[in-house]
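Working notes, beginning with the structure itself.
The values are calculated or read from the model by the stated rules, or taken from the named source; none is laboratory data. Everything numeric in this text was worked out from a predicted model, so none of it was measured. Heads up, the Cβs are rebuilt from the backbone with ideal geometry, glycines too, and the neighbour counts pull from every protein chain shown.
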Amino acid sequence: MKSRPSFTLLASSGLLSAALAAAMFPACERYEPPPTPAIAGLEGGLLFDSKAPLFIDFGQPIDLATLNLKVAFLDTDLEGNLPDEDENPDTELRVLLAHDPIDGDRGGSAVLEGDGSRLRFDLQSALPVGPKLVLLVEPGIKGTGGRTRINRTKIPFSYAVRCTAGTRATNLQSGVYFVLLDVDQPLGTQIQLYGAIEVDESSGAFAGTFTNADRNPDQSRCLPERQCSGPDACRRLPSVDCVVPSLKAGKPDEYPDWVPNETPPVGYSFQVEGCAVDDATGAGVVTAPARMVVQQPPVTIEGLSMTAFFGPGAGGAIGATGSLVADSVFLGTNRIGAGKGSMTAVRIPDAEVPPNVPRPKRPTPDAGAGGAGDAGR
């Protein structure tokens, strides 16, 4: 049975997430003197650079051989228990980083700095922006003064985006876009997505929900010109034909041939945050590193970020072109390299947007306020 210890490109939701997490884990953990873990640089439960090393202060030098540490998603049940604290043997922590005296490091590398009272965890991939996370330090950590910490420590936190103060984004239209990610590395492929975005014009704060798109399985769409059968899908753009469902889209304007699919194992959605800045005729967008997870085939992309320009294209339709990078691409549990490619997109007229496209929460005006280290520079 699992142990049950006595008790853990959205900027706008990050503050709420921190408040909810604090409410979920009230001050029922009794005070323990050092070594006491604390995340350096937290502002109201938030960090703002998900690529930077994670620093953890302990208040006194520690023995690294006694440190068992994890960073995981803050998944809890109705009672506030983490997956390794509930009664269900089938639930597990979704661990992003770990340091274990026996198993070593996961997701990066950990080293003590200075007098041994601060741990620096260098990240292999950027941590996700938006989701609630938790730092876990297991009992048994020893300070060099001879004291051993007896309670599990849980510190909820999350990463958020801060846009440059005074930024405006009146040229970027909120709405649903059809997005093509043409990946060059580590493997040549194309990812088709429905991207629903919301922009706060007064701050430039950008929030998006990107959802997998599949070719429309309705074969009758090609009638009367063509009769599709077997595994083929009907493609009407740029010309009517029966094609294999995996055929790449030629350009974003072919969105009528695609339908959103967020249902696993093939479907998925992921959240993106970022900042948008007005240009002469459009807006530039930079997204913070995001995490994309596909169950089938088992692919995980860590630290996915995009830089793009949105503006009017041929015929006046709002489109986008840009580049994408990813820190790490995993096939199953095997890292096959970093990611690199390009993106194109077009805004879908509201009347043509499928009704089941997932939408993000709209960022609030003060979500984009910030200073040094801002994402919108």
Report the residue count in segment 216-270 for those that are outside any loop (DSSP other than H, G, I, E, B), out of contact with any Asp or Glu (no Cβ under 6 Å at 6 or more places or on another chain) and among the polar types (S, T, N, Q).
2
What residue, among those in segment 106-146 that are part of a strand (DSSP E or B) and of a type in the set (Val, Ile, Thr), is surrounded by the fewest Cβ atoms within 10 Å (Cβ to Cβ)?
111
Could you please tell me which pairs satisfy a Cβ distance under 6 Å, a separation of 6+ or placement on different chains, a first residue in segment 330-353 that is under 17 Å from residue 177 (Cβ atoms) and not assigned by TED's automatic domain parsing to the domain that holds residue 287, and a second residue that is crowded, with 19+ Cβ neighbours inside 10 Å and of a type in the set (D, E, K, R)?
none
Of all residues in segment 147-176, which are part of a loop (DSSP other than H, G, I, E, B) and charged (D, E, K, R)?
147, 149, 152, 162, 168
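Residues checked against (1) modelled with pLDDT under 95; (2) more than 23 Å from the chain's Cα centre (by Cα); (3) closer than 18 Å to residue 176 by Cα; (4) not in a strand (DSSP E or B):
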residue: 277; (1), (2), (3), (4): yes, no, no, no
residue: 284; (1), (2), (3), (4): yes, no, yes, no
residue: 292; (1), (2), (3), (4): no, no, no, no
residue: 306; (1), (2), (3), (4): yes, no, yes, no
residue: 311; (1), (2), (3), (4): yes, yes, yes, no
Failed item, numbered, when residue 76 is tested on (1) over 23 Å from the mean Cα position of the chain (by Cα); (2) over 25 Å from residue 328 (Cα atoms)
(1)
For residue 188, state whether it is at positive phi and surrounded by fewer than 17 Cβ atoms within 10 Å (Cβ to Cβ).
no
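Yes/no matrix, rows are residues, columns are (1) in contact with a helix residue (DSSP H, G or I) (Cβ under 8 Å, 6 or more places away or on another chain); (2) at pLDDT below 90; (3) within 23 Å of residue 73 (Cβ to Cβ):
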site	(1), (2), (3)
155	no, no, yes
159	yes, yes, yes
163	yes, yes, no
167	yes, yes, no
173	no, yes, no
181	no, no, no
199	no, no, no
209	no, no, yes
215	yes, no, no
